[in-house]
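Participant: After the structure tokens below, expect a handful of questions from me.
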Amino acid sequence: MTVIEVQNLRKAYGDTVAVRDVSFTVEPGEIFGILGPNGAGKTTTVEAICGLRRPDAGTIKVLGRNPEDRSLRYEVGVQLQESGLPDRLTVAEALDLYATFYPEPADWHELTRDLGLGEKLSTPYAKLSGGQKQRLSIALALIGRPKIAILDELTTGLDPQARRDTWDLIESVRDRGVTIVLVTHFMEEAERLCDRLAVIDHGEVVALSTPAGLIAGLDTEQRIRFRTAEPLEEALLTGLPEVSKVHTRGTQVEVTGTGNLLYAVTAVLAQRQIIAVDLRVEQASLDDAFVRLTARSAKEQ
Amino acid sequence: MRVFAKLTLTEFRLFLREPVSAFFVLLFPTLLVVILGSIPSFREPTEDLGGGRVIDLYVGIAVVLTLAMVAIQVAPAVLATYRERGVLRRLATTPVSPLKMLGAQLAMNGIAAVLSTALVLAVGRIVFDVALAEQFAGFVLAFLLTLAGTLAIGLFVAAVAPSGKAGNAIGTVLFFPLMFFAGLWTPREVMPDILRRIADFTPLGAGERALSDAMTGSWPNLLSATVLLAYLAGFGLAAVRLFRWS
């Protein structure tokens, strides 16, 4: 059964169309990413799924129900941007309070340990750093043992270590069978965590695929860089069908091309007993795919 | 019910952690009674008040002051801040309706007002020999009517205030003229007729008159009760229509 189904969602605020036409489905147990530049309509889409905004047109079903159905609040945990807590409420009080909202809450001591908040239990909300507030927010989204967790800009404001810890936590939550919708603009995060992605731009879905699928959809060239002990004869490589361009500067070599470029180049080098040092392969990343997709949709606008 | 009790308890704890508002709500009205009561002439019966004492009047006024503090000063600032900071928005994604939080906030204010009023009455009775309300049921009724009418105004302020700071500012601007008509500076008994007429139609003026009726042994007068109910209905409905959760 499909967990979330969004069909031709449209939402405008006055004259500003925030979401023009968005459709996608989220399947059970997956981590589904919603990617897009600022102002693309991600947050409005998520708010509509949470039942906080009523769509102007289109339909949304969450676990087969209308998002405004209050019974869904027990099954959907939400961490939204721009939502806070009273300044003087402590971490422990917030978790203890939110735990009473649900019939079978998670053990919040465990949750705070996993999120690295164990030392901060008696700290008031106003005294937490941005990253700690963010982690508390994630804990509150997970405290009701939801079937679906919707996390908006999950790791914004976290330092790299905390970001990686949070990713581990999200994966462990998914492993317990929770379906996760992740709104993000970090490509690394999307690439690492998401099973499938919807790229939204100007209120429309411009791509819907796996991270690898999005990258493969780009017919980009690869680039190989290395150094050799002696300056390399460019002609050795320019003849290969995979190679489109060779550029040398002193002992630095840069080869661009397509297909199985790395194998073709290293085979020639090995045959000539040339040793390549500091060899680096640059492949298209989700970053490239994202920039390409959103640039194209900007042009079409 | 368990959730509501927990929310109310949490709100009460947070209220106590704001020392300034906790002081003004819980202790200041009693302090006012103590200060005025320590002026010897205020403890003597005077002709101007038909044989009553100034301190007798100020016990009633201190109760109105308590209600004004919670309803016009504390509640709008807290609720507008909750909206500004997204506290209500976060709550809207949980099984608990933000309406429950609103209710808990109002309940907390009601409890604080009751505690402070009890302290005012006890100190008035024990230290200055101010008689407790002869018409106790009438006192409770007048108290509840005033609480409801002023909280409706506070909710309306919370509904229209764009931020916590604005809520606080609007509350403060309203507070002084409203307390003036409640007789904080010049008790209603010595106001000129025209001012007394105006005071009868202000929420705190009506509240003070209703409470004072009960203190002296009668039920709240019909005009004051009607005025308070009108504030409750008018501002209450407007607040419900205008309140935004985020």
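The values are calculated or read from the model by the stated rules, or taken from the named source; none is laboratory data. Please read all numbers here as calculations on a predicted model, not as lab measurements. Backbone-built Cβ (ideal geometry, glycine too); neighbour counts: all protein chains shown.
Participant: Only one of A:Thr156, A:Thr123 is surrounded by fewer than 17 Cβ atoms within 10 Å (Cβ to Cβ), more than 10 Å from chain B (Cβ to nearest Cβ) and modelled with pLDDT of 95 or more. Can you tell me which?
Facilitator: A:Thr123
Participant: Of the conditions (1) under 25 Å from A:Glu104 (Cα atoms); (2) out of contact with any helix residue (DSSP H, G or I) (no Cβ under 8 Å at 6 or more places or on another chain); (3) in contact (Cβ under 8 Å) with a residue 60 or more places away in the chain, A:Glu153 clears all except one; give me its number.
Facilitator: (1)
Let's see how each residue does on (1) within 12 Å of chain A (Cβ to nearest Cβ); (2) surrounded by fewer than 18 Cβ atoms within 10 Å (Cβ to Cβ):
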{"position": "B:Arg2", "(1), (2)": "yes, yes"}
{"position": "B:Phe24", "(1), (2)": "no, no"}
{"position": "B:Leu31", "(1), (2)": "no, yes"}
{"position": "B:Phe42", "(1), (2)": "no, yes"}
{"position": "B:Asp48", "(1), (2)": "no, yes"}
{"position": "B:Val59", "(1), (2)": "no, no"}
{"position": "B:Thr66", "(1), (2)": "no, no"}
{"position": "B:Leu88", "(1), (2)": "yes, no"}
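Participant: With A:Val181, A:Val199, A:Val246, A:Val205 as the choices, which residue is more than 17 Å from the chain's Cα centre (by Cα) and aliphatic (A, V, I, L, M)?
Facilitator: Selected residue: A:Val246, the only one of A:Val181, A:Val199, A:Val246, A:Val205 that is more than 17 Å from the chain's Cα centre (by Cα) and aliphatic (A, V, I, L, M).
Participant: Evaluate the following for B:Phe15: is it touching a residue at least 12 places away in the same chain (Cβ under 8 Å), within 14 Å of another protein chain (Cβ to nearest Cβ) and surrounded by fewer than 17 Cβ atoms within 10 Å (Cβ to Cβ)?
Facilitator: It is false that B:Phe15 is touching a residue at least 12 places away in the same chain (Cβ under 8 Å), within 14 Å of another protein chain (Cβ to nearest Cβ) and surrounded by fewer than 17 Cβ atoms within 10 Å (Cβ to Cβ).
Participant: Right, something else. Out of the residues in segment B:206-246 that are more than 14 Å from chain A (Cβ to nearest Cβ) and assigned to a loop (DSSP other than H, G, I, E, B), state the one that is nearest to B:Leu91 (Cα to Cα).
Facilitator: Here the residue is B:Phe243.
Participant: Out of all the residues in segment A:170-193, which are farther than 20 Å from A:Glu27 by Cα and either at pLDDT 90 or above or not in a loop (DSSP other than H, G, I, E, B) (or both)?
Facilitator: A:Met187, A:Glu188
Participant: One residue is enough: does segment B:105-115 have a residue meeting the conditions more than 30 Å from B:Trp245 (Cβ to Cβ) and within 13 Å of the chain's Cα centre (by Cα)?
Facilitator: no
Participant: Take the residues in segment A:27-67 that are of a type in the set (Asp, Glu) and surrounded by 14 or more Cβ atoms within 10 Å (Cβ to Cβ), then tell me which one is farthest from the other protein chains (Cβ to nearest Cβ).
Facilitator: Filtering first and then ranking leaves A:Glu30.
Participant: Right, something else. Considering each of A:Ile138, A:Ile170 in turn, give the residue that is surrounded by 20 or more Cβ atoms within 10 Å (Cβ to Cβ), within 29 Å of A:Ala18 (Cα to Cα) and in the same structural domain as A:Cys50 (by TED's automatic domain parsing).
Facilitator: Just a single option satisfies the conditions, and that option is A:Ile170.
Participant: All but one of (1) in contact with a helix residue (DSSP H, G or I) (Cβ under 9 Å, 6 or more places away or on another chain); (2) modelled with pLDDT under 95 hold for B:Ala230; state the number of the condition that does not hold.
Facilitator: If we test B:Ala230 against (1) in contact with a helix residue (DSSP H, G or I) (Cβ under 9 Å, 6 or more places away or on another chain); (2) modelled with pLDDT under 95, just (2) comes out false.
Participant: May I ask you to list the residues in segment A:76-95 that are crowded, with 17+ Cβ neighbours inside 10 Å, more than 7 Å from chain B (Cβ to nearest Cβ) and not polar (S, T, N, Q)?
Facilitator: Hits for segment A:76-95 are A:Val76, A:Gly77, A:Val91, A:Ala94, A:Leu95.
Participant: Please verify whether B:Ser218 is farther than 30 Å from B:Arg85 by Cβ, within 18 Å of the chain's Cα centre (by Cα) and either surrounded by fewer than 21 Cβ atoms within 10 Å (Cβ to Cβ) or touching a residue at least 12 places away in the same chain (Cβ under 8 Å) (or both), treating the condition exactly as stated.
Facilitator: No: the conditions fail for B:Ser218.
Participant: Sticking with this one: Helices (runs of 4 or more DSSP H) wholly in segment B:53-109 with at least 1 residues that are closer than 30 Å to B:Leu211 by Cβ - which ones?
Facilitator: By residue number, B:54-68, B:75-84.
Participant: May I ask you to verify whether A:Leu262 is over 29 Å from A:Met187 (Cβ atoms) and out of contact with any Lys or Arg (no Cβ under 6 Å at 6 or more places or on another chain)?
Facilitator: In short, no.
Participant: Every residue in segment A:194-219 that is touching a residue at least 60 places away in the same chain (Cβ under 8 Å), outside any loop (DSSP other than H, G, I, E, B) and small (Gly, Ala, Ser), please.
Facilitator: Selection gives A:Ala198, A:Ala207.
Listed here are the residues, each with its yes/no results for (1) closer than 17 Å to B:Ser246 by Cβ; (2) hydroxyl-bearing (Ser, Thr, Tyr); (3) in contact (Cβ under 8 Å) with a residue 12 or more places away in the chain.
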| residue | (1), (2), (3) |
| --- | --- |
| A:Arg10 | no, no, yes |
| A:Asp15 | no, no, no |
| A:Val22 | no, no, yes |
| A:Val26 | no, no, yes |
| A:Ile31 | no, no, yes |
| A:Thr44 | yes, yes, yes |
| A:Ile49 | yes, no, yes |
| A:Asp56 | no, no, yes |
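Participant: Please go through segment A:129-146 and pick out each residue that is within 14 Å of chain B (Cβ to nearest Cβ), at pLDDT below 90 and part of a loop (DSSP other than H, G, I, E, B).
Facilitator: Selection gives nothing.
Participant: Testing B:Thr150 on (1) touching a residue at least 24 places away in the same chain (Cβ under 8 Å); (2) within 30 Å of A:Pro105 (Cα to Cα); (3) β-branched (Val, Ile, Thr), one condition comes back false. Which one is that?
Facilitator: Checking B:Thr150 against (1) touching a residue at least 24 places away in the same chain (Cβ under 8 Å); (2) within 30 Å of A:Pro105 (Cα to Cα); (3) β-branched (Val, Ile, Thr), the one that fails is (2).
Participant: Okay, moving on. Go through (1) of a type in the set (S, T, N, Q); (2) in a loop (DSSP other than H, G, I, E, B); (3) closer than 17 Å to B:Leu102 by Cα and name the single condition B:Thr8 misses.
Facilitator: It is condition (2) that B:Thr8 fails.
Participant: Could you grab me the full set of residues in segment A:126-142 that are in contact with a Gly (Cβ under 7 Å, 6 or more places away or on another chain) and of a type outside the set (Lys, Arg)?
Facilitator: Answer for segment A:126-142, where residues must be in contact with a Gly (Cβ under 7 Å, 6 or more places away or on another chain) and of a type outside the set (Lys, Arg): A:Gly130, A:Gly131, A:Gln134, A:Ala141, A:Leu142.
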